[in-house]
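Okay, so here's the structure we're looking at.
The values are calculated or read from the model by the stated rules, or taken from the named source; none is laboratory data. Computed from a predicted model, the values in this text were never measured in an experiment. Note that we place each Cβ from the backbone using ideal geometry, even for glycine, and neighbour counts take in every protein chain shown. Note: areas computed on protein heavy atoms with side chains; ligands, DNA, RNA excluded. Shrake-Rupley method; radii C 1.70, N 1.55, O 1.52, S 1.80 Å.
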Amino acid sequence: MEALREIAAIIVRYVSKDGFHATPIERMTFVRSSTVTMPMPNVYRPQLCFVAQGQKEVTLGDRMFRYAPGRYGVVTYDLPAIAHVVEATPDNPYLCLYLDFDPVMLGELASRVPSPETPSPPIGKMVSDASPGLLDAVLRLLRLLDDPAALPVLGPLAEQEILYRLLAGPDGARMHHITSGQGRVAQIGRAIAWIGKNFRDRFSIERLATEVGMSPSSLHEHFRAVTAMTPLQFQKQLRLQDARSLMLVQDVDVATAALRVGYESASQFSREYRRHFGEPPARDIARLRASPGLAVVA
C-alpha cells in the first residue's frame, strides 16, 4: 500500500541508526533494526505499536504474536513480554513506531465513542491488520514532522483520529477497558499495577485478591485471561527482567541482583533465570555485552 510505503520512508528519513529514537511528536518513538535480534524482555506500557517494515515476534505468557508490515498491536496494561526482530536487513531494516496513549485524550474520546457491541477477548495485548483509515491517520501525523509550525496545532487532531480509529475498530472494547474503572477487567488492571509496585516482596494470592476486592479463584481466572500468566508467573517475569537490567546496566553481580529483586536463594534465582532466558545469568550478560546489536528491544 502506498500509505505504508510512505510511512516507512518517513521513518527511514528521520532515523539513520539502529535503536530507539524520540521524535518531535510527543509520546511517539521510532525503532529501527538492521539485523534480527535475540529475544529480549520488556515491560510494555499502554500504547500502539505499528510495524512499517520487517517483522517481529512478541511472546506474552504462553501466547505469541507476530507483527508484519501494516500490522499493529495495542497494549492495554503494563505487561512483561519478550520480543525480537525476526526479519530485517541493512537494505530493508525493521521499522516501527510506538505511540503511548494519552490517558486524558483517550478518556475524553472513549466517553463519546460507543463501545462495540461485540465483546473482545480481555487479553491485554492483541495484533491486528491496520485499516485504511488508521493508516491514513498515522501517515498524516508523521507528515507533520516536515511542518514544525503546524505540528503543535494539527498533531493533537491527528492523534485523536488515531485513537478514534482504535476505539471504533476491532480493538474498541479493549481500548475502552483502559479508561474503565469498573468491572473485572478494571480489577485486574489494579492487580497488575499492584504487582508492578510490589514484585520484589513476597505476597500470596489471597493478599492480592484482598487488595483488589476479588476472590482468589476469580482473580486467578481473570488475571490469566488478561495476561496469559498467573499472578505469580507475572511477578517472576518482572523479577527476572529487573535482575537482568541490574546486571547489564549497573554491572551488579548475580548474587546481589538476586537479593535486590526479592530472591532469598541465589541458586533458585539462577535456575529460574536459565529457564526463562535460556542461559545462566553470567553467560547471558556476557553474550549481551559482546553483541549489543542483537539486544535491541523491538
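Go through segment 231-243 and report how many residues are within 15 Å of Tyr77 (Cα to Cα) and more than 17 Å from the chain's Cα centre (by Cα). Total satisfying the criteria: 1. None of Leu109, Leu141 is touching a Gly at 6+ places or on another chain (Cβ under 7 Å), assigned by the TED database to the domain that holds Arg66, touching a residue at least 24 places away in the same chain (Cβ under 8 Å) and part of a helix (DSSP H, G or I) except Leu141. From the list Val104, Val12, the one residue that fits, being free of Cβ contacts under 8 Å to residues at least 40 places away in the same chain, in a helix (DSSP H, G or I) and open to solvent by 30 Å² or more (accessible area, probe 1.4 Å), is Val104. For segment 28-39, a residue qualifies if it is outside any loop (DSSP other than H, G, I, E, B) and surrounded by fewer than 19 Cβ atoms within 10 Å (Cβ to Cβ), and exactly one does: Thr29.
For segment 15-27, the tally of residues that are within 23 Å of Leu163 (Cβ to Cβ) and either among the basic types (Lys, Arg) or open to solvent by 60 Å² or more (accessible area, probe 1.4 Å) (or both) stands at 5. Within segment 254-269, how many residues turn out to be touching a residue at least 12 places away in the same chain (Cβ under 8 Å) and either on the phi < 0 side of the Ramachandran plot or touching a Ser or Thr at 6+ places or on another chain (Cβ under 8 Å) (or both)? Counting residues in segment 254-269 that are touching a residue at least 12 places away in the same chain (Cβ under 8 Å) and either on the phi < 0 side of the Ramachandran plot or touching a Ser or Thr at 6+ places or on another chain (Cβ under 8 Å) (or both) gives 8. Mind listing just one residue for me: the one in segment 254-279 that is at pLDDT below 95 and in a loop (DSSP other than H, G, I, E, B) and, of those, most open to solvent (accessible area, probe 1.4 Å)? The qualifying residue most open to solvent (accessible area, probe 1.4 Å) is Glu264.
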